[in-house]
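The values are calculated or read from the model by the stated rules, or taken from the named source; none is laboratory data. Predicted, not measured: the structure shown is a model, and the values here were computed from it. Here the Cβ positions follow ideal geometry from the backbone for every residue, glycine too, while neighbour counts run over all protein chains shown. All accessible areas refer to the heavy atoms of the entire protein, side chains included, with ligands and DNA or RNA removed. Shrake-Rupley method; radii C 1.70, N 1.55, O 1.52, S 1.80 Å.
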Amino acid sequence: MHERPNRRLAVHKGFGWGEDAYEIKQREGREVYDTIILDDSLDKLLQEQEKEVTFSIRLLAPENRRMKYCFRMVKARISKDAKRYPDILLIRSQRGLLFPGNWSIEVLEMYKDLQWVAHTTGVLT
Amino acid sequence: MAYRDLREFLDALEKNGELIRIQDEVDWDLEAGAIIRLACQLNGPSPLMEQIKDYPGQRMMGGYFSSYRKAAIAIGIDPDSDVPTVLDAFHQRIKHPIKPIIVNRAPCQENVITGDDVNLFDIVSPMPHDGDAGRYIATWQFIATPDYDTDWINWGMYRQMIQNEKVLGGLIIPAQDIGYQFYTKYLPNKKPMPWATVIGTEPVTTIVSAAPYGIGRSEVDWAGGLRLEPVELVRCVSQPLYVPANAEYIIEGYINPTLEDRAYEGPWGEYSGYRTSPRAPRTAFHVTAITHRNNPIHTHSPLGVPVDDSHMAFTILCRSDMLNVLEDNAIPVVGLHVPPEMVGHTVVVSIKKPSPNLANLIASLLFGTKNTGLAIRDVIVCDEDVDVYDLDQVLHVLATKWHPRRGTTLYDNQVGMPLIPYLSMEERIWGKTARMVYDCTWPLDWSPTRDIPVRSSFWDIYPERVIEGVCQKWQRVGYPEDMKKIWEAGKKLASWE
C-alpha cells in the first residue's frame with residue numbers, strides 16, 4: 001500500500017514545505033522563527049501587525065542544533081513586510097501547512113515559561 | 001521464553017530478516033521519520049539507525065511491529081504462521097494475566113538526570129513529519145500513571161511533544177483511562193498527578209498500552225500474560241510509581257491539578273493517515289527526571305497511512321477486546337478481523353446465523369464498548385463462508401451480498417473521536433459522529449434452493465475430487481504454488497465439517 005509516488009492534492013498547491021532554516025539564516029544573516037496560527041487565512045493575523053503581541057514561536061535555526069523546534073513565548077512586533085523587522089517569521093496553519101511569503105519579527109522579550117495566553121483575535125497561539 | 005528487552009527482540013527480528021542496521025548518519029529532523037515511514041509503506045524490515053546527527057551514542061528505530069510476521073516474532077511463535085493463528089495466539093494469552101515482579105536495580109537507570117540538569121533536547125527525539133507542531137519525543141511508548149486512591153497503574157499510549165527543556169505537551173481525553181484518573185480524581189482533589197513515560201521496551205510491553213484493558217486493570221498484568229513471563233518493574237527515581245526495568249528511556253514528572261496549566265500542542269500526523277489533530281491548549285507535563293540505558297535506542301512511530309505499528313497493535317489487541325464482548329453475549333462468531341489497512345475504523349465479523357438481525361446486535365455491542373467502540377465507523381457482517389482475513393473476499397461480498405436498503409443501518413448521534421478525518425471541524429470539537437452497519441448475510445427467510453445462489457469459486461463450485469486432482473497436478477503443470485499443501489490444510493473447511 002502506497003509503495004509508489006502518487007498525485008498530490010491540488011488544493012494544497014502553494015503551501016510549501018519550507019526551505020532549510022539554517023540556509024535562510026546563513027543567506028540573510030537573520031534569525032529564523034515560525035509560528036502556528038489558529039485561523040485558516042492570514043486575515044486575522046494582519047490585524048496583529050505593528051503592535052506588541054505575546055505568543056509562541058519556534059526556534060528554527062538556533063546555534064545549538066539540538067534546540068531546533070524549541071518553543072519560546074515572546075513579546076514581539078510582527079509585520080507582513082518581510083524586511084520591516086530584524087528577523088524572519090514563517091507562518092504555518094493549524095494543519096501544519098506553510099503559508100507562502102516570509103513575515104518579519106522584532107523580538108522584544110523572550111520567556112522560557114510557556115503559559116497559554118488568550119488573544120483578542122484568537123489567531124496567535 | 002520472553003524477550004528480556006528491546007535489544008533481544010531486535011536480535012530476533014534480525015535473525016528472521018526483519019531488521020536492517022543503518023550505519024550512515026541519519027538526521028533526527030524529518031529524515032529518521034521518513035525512513036521509518038517508507039519502510040512501513042513497503043512492508044519492509046525495521047530500520048535501526050545507529051548514528052543520529054547531533055546525538056552521538058543514541059540510536060533510533062521504528063516499524064518493529066508493523067506486520068503479522070513481526071507480531072508473531074514478538075510473542076515467539078513461527079513468523080510464517082497464518083493471520084488467524086497469530087491473532088488467536090494473542091487472544092488466548094490475553095486471558096491469562098501474570099503479575100509483575102519488582103527489582104531493585106535496573107538497566108533503565110544506568111544514567112540518571114534530575115533537577116536543573118534535565119533538558120529534553122538532550123534526548124534524541126524526532127521531528128516526525130514536515131509541518132508537525134514540534135518534536136514528538138513520545139510516539140511509540142507509553143505513559144504510566146498511578147491511580148489516586150487504588151493500586152491500579154494505567155499504561156496508555158498518549159503522544160507527547162517537547163515544548164521546552166522541561167515541559168511536554170499532550171492530549172488527555174476525559175474518556176481515556178488517563179483522563180478518568182486526572183479529571184475525576186487528581187484534579188478535584190487538587191493533587192499533582194505523577195507520570196512516567198516509558199520508551200523502548202520489547203514490543204509486547206509497549207503495545208498493551210495501545211488498547212483498552214479497562215479501568216482498574218493494570219496493563220502490566222496483560223503484558224505478563226502475553227509474554228508468558230512477568231514484567232520486571234523498578235521504582236522511579238523522582239515519582240512514586242514503577243516502570244519496566246529494562247526500558248531504554250524513562251521520563252518522569254507530574255501534571256499540575258489545574259486546567260490553567262496548559263501549552264499549545266499539535267498539529268501532528270495521526271494514525272488515520274492524515275494530520276487531523278487540531279492545535280489547541282493541552283495538558284502540560286512537567287519533567288522531574290530522565291533516566292536511560294547506555295547507548296539507548298529511541299523507538300519512534302511516524303504515524304501515517306497503513307500499515308504501521310499502530311494499526312497492527314489495534315488490529316490485534318482491540319480485536320481481542322471485541323471478541324470478548326461478543327463471546328460474553330453468546331454471539332456465534334466464526335471470525336473477527338479489524339483490517340489494519342482500514343486503520344481500525346472497520347470491523348469485519350463472520351457468523352453462523354441462528355436468528356435474524358444479528359448484524360445489528362453485533363454492531364450495538366461493538367459500538368458500545370469503551371475505547372474500542374469509539375474508533376469504529378463500520379461493522380461488516382458476513383456469513384460463515386467468508387474468510388474475514390482476506391480483504392478481497394470482503395470487498396466481493398460488499399459488492400454482491402450487501403443490499404443498500406435492507407442491509408444498511410445508520411447509527412446517528414454517536415460519540416466520536418476528534419482525530420477522524422471525515423468529520424467536520426464542529427463534529428471533531430463536539431466528539432460527534434455516525435456509524436454504519438453493512439449486513440452482508442443472506443436473509444434467513446430466503447430459500448436455500450431458490451433464493452440463495454451458490455458461490456462460483458474454485459473451492460465452492462467444483463466437487464472435492466476435482467479440486468483434489470487439480471491441486472495435485474498444479475506444480476507439475478508449471479505453476480509455482482504448492483496447492484496440494486494448501487488443500488490439505490483447508491479441506492476440512494471445504495467439506496462442511
Separation in nanometres of the label points that stand 7 Å from Cα toward Cβ, at B:R7 and B:A489: 3.6 nm
Could you compute the FRET efficiency for A:D40 and B:N119, with r as their C-beta to C-beta distance and R0 at 45 Å, rounded to 0.05? 0.80
Output field shielding_mean for A:48-58 (other chain Cβ, 10 Å radius) holds 1
Give the residue from B:V349, B:L419, B:S364 lying farthest towards the positive end of the charge dipole for region B:339-444; charges sit on Cβ (+1 for Lys and Arg, -1 for Asp and Glu) and the dipole is referred to the Cα centre. B:S364
Folded to 0 to 90 degrees: helix B:358-367 orientation relative to chain B principal axis, Cα: 0 degrees
Per 10 angstrom bin, beginning at 0 and ending with the bin that holds the maximum distance, the Cα pairs of region B:329-440 fall in percents of 14, 47, 32, 7, 0
Suppose we compare each residue of region B:112-158 in its chain alone and in the full protein complex with a 1.4 Å probe; which ones drop by at least 20 Å² of accessible area? B:F121, B:D122, B:M127, B:D130, B:G131, B:A133, B:R135
From the mean inverse distance of alpha carbon pairs (Kirkwood) and the Cα radius of gyration, derive Rg over Rh for the protein assembly as shown. 1.00
Phi to ³J(HN,Hα) by Karplus 6.51 cos²θ - 1.76 cosθ + 1.60 over region B:179-187, Hz, x for Gly, Pro: x, 4, 5, 6, 6, 9, 10, 5, 4
Distance between region A:1-78 and region B:238-312 - C-alpha centres, whole angstrom: 23 Å
Nearest 5 is fine: what % of DSSP beta bridges in the protein assembly as shown come out antiparallel, could you say? 70 percent
Taking the highest mean first, how do the peptides B:40-53, B:416-429, A:1-14 order by number of other beta carbon atoms within 10 angstrom per residue? B:40-53, B:416-429, A:1-14
Dipole moment magnitude, nearest 20 debye, chain B about Cα centre, only Lys, Arg, Asp, Glu C-beta charged: 880 debye
Once you average over the residues of B:480-493, how many Cβ atoms of partner chains fall within 10 Å of each Cβ? 0
Is it possible to state the helix-based mean residue ellipticity at 222 nm for the protein assembly as shown, with each DSSP H run of 4+ residues giving -39500 (n - 2.57), the sum divided by total residues, to the nearest 500 deg cm²/dmol? What is it? -6500 deg cm²/dmol
What order do you get for B:260-272, B:439-451, B:76-88, B:244-256 when each peptide is scored by the mean count of other beta carbon atoms within 10 Å, highest first? B:244-256, B:260-272, B:76-88, B:439-451
Can you give me the distance in nm between label points at B:K473 and B:E229, each placed 7 Å from the Cα along the Cα-to-Cβ direction? 5.3 nm
Toy charge model, Lys and Arg Cβ at +1, Asp and Glu Cβ at -1: region B:1-119 dipole around Cα centroid in debye, rounded to 20, equals 640 debye
Quick one: Karplus J couplings for region B:83-96, per residue in order, coefficients 6.51, -1.76, 1.60, θ = phi - 60°, nearest Hz, x for Gly and Pro? 4, x, 5, 5, 4, 5, 4, 4, 4, 5, 5, 4, 6, 10
Solvent-accessible area, 1.4 Å probe, carbon plus sulfur percent, for region A:14-124: 49 percent
Considering only DSSP beta bridges with both partners in region B:66-299, what is the antiparallel share in %, to the nearest 5? 95 percent
Provide the FRET efficiency to the nearest 0.05 for the B:Q23-A:F15 pair, computing r from the beta carbons and using R0 = 45 Å. 0.80
Using Cα atoms only, what is the angle between the long axis of helix B:483-494 and the major principal axis of chain B, expressed in degrees (0 to 90) to the nearest 10? 80 degrees
With a Förster distance of 60 angstrom and the Cβ-Cβ distance between B:L259 and A:R27, calculated FRET efficiency to the nearest 0.05 equals 0.85
Under 14 Å from a point placed 7 Å out from the Cα of B:S81 along the Cα-to-Cβ direction: which residues of region B:188-209 have their backbone N that close? B:204
Report, to the nearest 10°, how far helix B:6-15 tilts away from the longest principal axis of the Cα atoms in chain B, using its own Cα long axis and a range of 0 to 90°. 40 degrees
On the accessible surface of chain B, probed at 1.4 Å with all protein chains in place, carbon and sulfur together account for a percent value of 54 percent
Distance violations [Cα-Cα > 30 Å] among B:K353/B:K491; B:K70/B:K99; B:K53/B:K191; B:K70/B:K432; B:K99/B:K191; B:K95/B:K485: B:K53/B:K191; B:K70/B:K432; B:K95/B:K485
Which length gain, in nm to one decimal place, applies between B:D130 and B:D392 when the Cα-Cα distance is subtracted from 0.36 nm times their residue separation? 90.9 nm
Leaving out ligands, DNA and RNA, calculate the buried accessible area for the pair B and A with a 1.4 Å probe, summed over both sides, in Å² to the nearest 100. 3000 Å²
Going toward the positive end of the dipole of chain B, with +1 on Lys and Arg Cβ and -1 on Asp and Glu Cβ, which of B:I178, B:N294, B:Q393 do you reach last? B:Q393
Roughly how crowded by other chains is peptide B:273-280, in terms of the mean Cβ count from those chains within 10 Å of each of its Cβ atoms? 3
Counting only protein chains, not ligands or nucleic acids, how are B:I215, B:I143 ordered by accessible area (probe 1.4 Å), most first? B:I215, B:I143
If the only charges are +1 at each Lys and Arg Cβ and -1 at each Asp and Glu Cβ, what is the size of the charge dipole of chain A around the Cα centre, to the nearest 20 debye? 380 debye
